[in-house]
Each structure stands twice: as C-alpha cells, then as structure tokens.
Amino acid sequence: MDNDCMRCPVRAESLFGALPDDVVERLNNPSEHLVIPAGEVIYQENAEALASYTLKDGVIKLTRTAVNGREQILRLLTQGDIMGVESLLGQTYNHTATTLTPVQLCRLPLSVLKRLQTDHPTLNNALLARWAAALQQVETLAVELGTKKANERLATFLLYWADKNGGHAQVPLPLSRTETGELLGLTVETVSRFFAEWKRRGYVSEKAGVLTLHDREALNQLGGGYTATKLTALTGSPRIG
C-alpha cells in the first residue's frame, strides 16, 4: 500500500469517502503513509492533536487512564477505522493509540483537515455521523457489559471477533489476557480461567497468537445468545462511506 488516495482500498471508509473524486484528485495525496510495528504508541492521551489517522491494515487499541492510574481499553480499531479526529477541533487527543499488530496508517495533518472542513460541508456531515456512531457504541458497550456475566462477555467477544475478521474459524487474537480483561471489565485471572476451561472442553485452541473456534454453538450458548449488531462497540466504528 502507498499514499495514493485515489487507489486507496479503504478510501470509502475514511473521511475522504465523503469527497468527490475530482476533489480528492486535486488534493494530490496530502496524507503520509506510515508502517508501524506492534507495541508502538502513535499518540498519547492529552497530547496536542496535530493529525488524524486512517487505519489501512492491522489492529490498534484506544485507551484512557483512569483516576486510579489503571489503563482502560475503550475500543479496538481495524481496517478502515479513523482515529484522532479531535484535531479538527484543535484539542488534545482524548485517548492513547497503541498498535497491537504491525499496522499501516495514513496520517492527515491538521492544516489539511481544517481546509477540507471549511471548503467541503460534506466532510463535516461525515464527521458528525462518525461521532454520533461512536457515542452510540459507547452506550451499547456499557449496556452489554453491565447485563452479562463474566463468561458471557468473553464468549460473546470471541464470537464477534471471529465475525469481525471474516467469520473464519481461525483468527488472529492480538490481545493479551490482561488486555482482554481491560476491554471486557474482567480480571486477568477470570479471563485466563475461562480460556483454560474452554480449551479443556475443546471449544477453542490457541497457537502462536492465532485463536481457533472449534465449537461456535457452545460459545453461543455460553454467551447467552450472540447478536452481532449488539457488539459493534467492542471494535471500530460502523462503516460510513
């Protein structure tokens, strides 16, 4: 992948998806293409927001630090998701963005974003739609975590994550046990205990960071009935083209 915006495979899912082809072509590829390894911080919570990013490939976690100093995972981002749009308001970043896998990103500077915002009202509409979707996701996640038991949360997440990654039986799982617990509001001990139990029962297996779901029906029953639309909040934003 490169930074040719016209040929970008995730353009329709980025902010540029709201702009006509001729406008995008005149911009002359203003974004910077970045390749970043796993475990790197792209930007820090409360740092000055200078750019927004579109994720072309890989997985990124967005986190915030609680009053007690503990890190809380807010969302997981996957291909086509946008982060750092706080820069359009000239504010600081609301969270820390960290790569869970090697990623490819497009970085769009604040100066370009502000110019586009002024010249093209459709961009503002797309941005408002994304913010509204993000708010709905946070509310959905709060309800989901507040109404399900620990084993139900984990089972539902595993099913959703598999579907998010193409519905295959084998999917990469870039989260550690600790990170999974942070995302779902569980302790690392609880997550580890359920994984060990489900492996013994033959429901799942893991090898070299790849999760295999052997018995989706068993996980569905454990999850209290899996509904994909309810779990949008666990990962990136709905696609807005």
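Around the amide H of LYS56, modelled in the peptide plane, lie the amide H atoms of GLY80, GLN104, LEU105, CYS106, all under 5 Å away and 5 or more residues distant in sequence or on another chain. Remark: segment 143-220 carries 47 Å² of accessible area per residue (probe radius 1.4 Å; ligands, DNA and RNA excluded).
The values are calculated or read from the model by the stated rules, or taken from the named source; none is laboratory data. Given the structure is predicted, the values throughout are model-derived calculations rather than measurements. Just the protein is used for accessible areas: all its heavy atoms, side chains included, with ligands, DNA and RNA removed. Shrake-Rupley method; radii C 1.70, N 1.55, O 1.52, S 1.80 Å.
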